[in-house]
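Please read the structure below before turning to the comments.
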Amino acid sequence: MAPIPQHQSNEWVFITTTPTRPRPTKGQRSQMRQRVMREIGYTRRNVQTALFQCPSISSCTSSDITASDSGSSPSPVERQYGSSQSPEFPTSSTHIPSFLASPVVLDRESQRLLHHMFSDAIPSQFQMYKDRWYPICIANSAAFDQMLATYATHIAQYHMQHDLKHFILSNHTKALARVRNDISAMPLGRKRILEGTLSAITALACYSHLQRDMVSWRSHMAAVARLIHESGLSLGALDEKLVTVVKWVDLIGSYALDIAPALGNVNGEVDYIHCPSKTMSQCLNSLDLPAPLLSAFQSLQWTNTQIIPQVSIWSNPVEVDRLIHPLTHHFLSLRYDAYTFGPICSSLRSGALLYLAEFRRMSGVSPVVTEIHVRQLRLSMEALSQTSVPSELTLWLLTVGALEAPTTSDREFFYNRLLLLSQVLEIHSVLCWKQRLKSLIWSDTVFDHKLDITWGLLQV
């Protein structure tokens, strides 16, 4: 093809080509036209859809856009996330918080994930995204990007065939950049901006926990605590749904590290569970337990008894969490007391936290990291004498340890001791084993399948 003369630059140029393939048939051309028209219609209907709407850009500009103070020293939180501008967000004397970025058009992968998130066929452990995360992330684009990245990560771990690595990395990177920019220009007195930034950093912390990156989880939660402190606002002054999620993320990381939660309990008193003043298990009466630990175990026993008949609870992760979260918080907060009072108390505390692990999975927590609790239970039981603990309690502790043991060494420890104890107690069937466990605390609905598998392994 000859080059276009320069003097004809403003004129039409017609280029003719010779097709190398057969011409499409009439039916094929009709299908192509229909496809193009569908795409045009879809674009026209959705291009103006904005998930992050601001009532008035001009009013937002006058009230919420704040000039960056280049002369002031960065705060600790700002130093953590950096103050340099991302190429995606050009340097400017004014900074629009990410929740004001409007309109935002979702790409196809984001649309597909959102559709999956709100479908009725998703497993129960995914329901927390639409129930808890979506309401607090919809108003902040950084939080929204990270929510989708976390959801995609959860799906990728649940269904190994899904290749979502590029989407996860892209959205996670965008969320980090937007949080960095928000923090570098955020006025501490703006409650709405603070809540948006807190939701984004909390989403980053949840993502770190899902990736088992507890160093990053600590860093993000420290940033959350620092922002709240520097703002001068109390948790009670912030959005209730946001505070619930912040405390929830604080607890899931605290459980993985076996540390006392830094923030308060998510749920108050559970209205239909009233713990009796007397322990339900006689074997605990013979032990000299500190009052806080005994009270916590009584609450665990009574809660377990109350929720067993309520079948509807098991299909509602939020309801399971409403019951289990306060108990988990209670036992984690007793870490110092349990270690101070010796191996019996520490083993009982570790056993209770391991017993709650399966309930926490049902509530949507992923992953439920139990390694540190299994290790502590094993160390405590190795330090116990054979006659210092009632056999029913020993059987229960060995069982919860065996169900959650992550390594071959830990499984061998609990399995060997279970075999010896089952011979002493004349346990010859899994049914007999269950009856023994119920004398202390047990739920067939939750543990039946895992107990059957463990019994089969013990008989090999």
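Select, from Ser363, Ser346, Ser333, the only residue that is among the hydroxyl-bearing types (Ser, Thr, Tyr), on the phi < 0 side of the Ramachandran plot, surrounded by fewer than 20 Cβ atoms within 10 Å (Cβ to Cβ) and modelled with pLDDT of 85 or more. Among Ser363, Ser346, Ser333, only Ser333 is among the hydroxyl-bearing types (Ser, Thr, Tyr), on the phi < 0 side of the Ramachandran plot, surrounded by fewer than 20 Cβ atoms within 10 Å (Cβ to Cβ) and modelled with pLDDT of 85 or more.
Residues in region 300-330 that are over 17 Å from Gly364 (Cα atoms), polar (S, T, N, Q) and either surrounded by fewer than 17 Cβ atoms within 10 Å (Cβ to Cβ) or without any contact (Cβ under 8 Å) to a residue 40 or more places away in the chain (or both): 4 in all.
Selection of region 111-146 for residues being within 17 Å of Ile168 (Cα to Cα), polar (S, T, N, Q) and without any contact (Cβ under 8 Å) to a residue 40 or more places away in the chain yields only Gln111. Looking across region 130-147 at every residue that is crowded, with 24+ Cβ neighbours inside 10 Å and of a type in the set (Phe, Trp, Tyr), the one that is farthest from Val243 (Cα to Cα) is identified as Phe144.
Results for (1) among the small types (Gly, Ala, Ser); (2) assigned to a helix (DSSP H, G or I); (3) in contact with a Gly (Cβ under 6 Å, 6 or more places away or on another chain); (4) on the phi < 0 side of the Ramachandran plot, shown as yes or no for each residue.
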| position | (1), (2), (3), (4) |
| --- | --- |
| Leu113 | no, yes, no, yes |
| His116 | no, yes, no, yes |
| Ile122 | no, no, no, yes |
| Gln125 | no, yes, yes, yes |
| Pro135 | no, yes, no, yes |
| His154 | no, yes, no, yes |
| Gln157 | no, yes, no, yes |
| Ala177 | yes, yes, no, yes |
| Arg180 | no, yes, yes, yes |
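In region 415-427, is there at least one residue being small (Gly, Ala, Ser), closer than 22 Å to Cys283 by Cα and in contact (Cβ under 8 Å) with a residue 40 or more places away in the chain? No, because not a single residue in region 415-427 is small (Gly, Ala, Ser), closer than 22 Å to Cys283 by Cα and in contact (Cβ under 8 Å) with a residue 40 or more places away in the chain.
Collect the residues in region 192-251 that are under 15 Å from Arg178 (Cβ atoms) and among the small types (Gly, Ala, Ser), keeping them in residue-number order. Residues satisfying the conditions are Gly196, Ser199, Ala200, Ala203, Ala223. Residue pairs whose Cβ atoms lie under 7 Å apart, sitting 6 or more positions apart in sequence or on different chains, and linking a residue in region 227-255 that is under 15 Å from Arg192 (Cβ atoms) and not assigned by TED's automatic domain parsing to the domain that holds Glu371 to a partner that is polar (S, T, N, Q) and surrounded by 16 or more Cβ atoms within 10 Å (Cβ to Cβ), are Leu227/Thr197; Leu242/Ser199. Restricting Leu398, Leu348, Leu384 to those that are among the hydrophobic types (A, V, I, L, M, F, W, C) and closer than 21 Å to Ile427 by Cα reduces the list to Leu398.
The values are calculated or read from the model by the stated rules, or taken from the named source; none is laboratory data. Predicted model, so just to flag it, every value in this text is computed and none were measured. With ideal geometry, Cβ positions are generated from the backbone for all residues, glycine too; neighbour counts draw on all protein chains shown.
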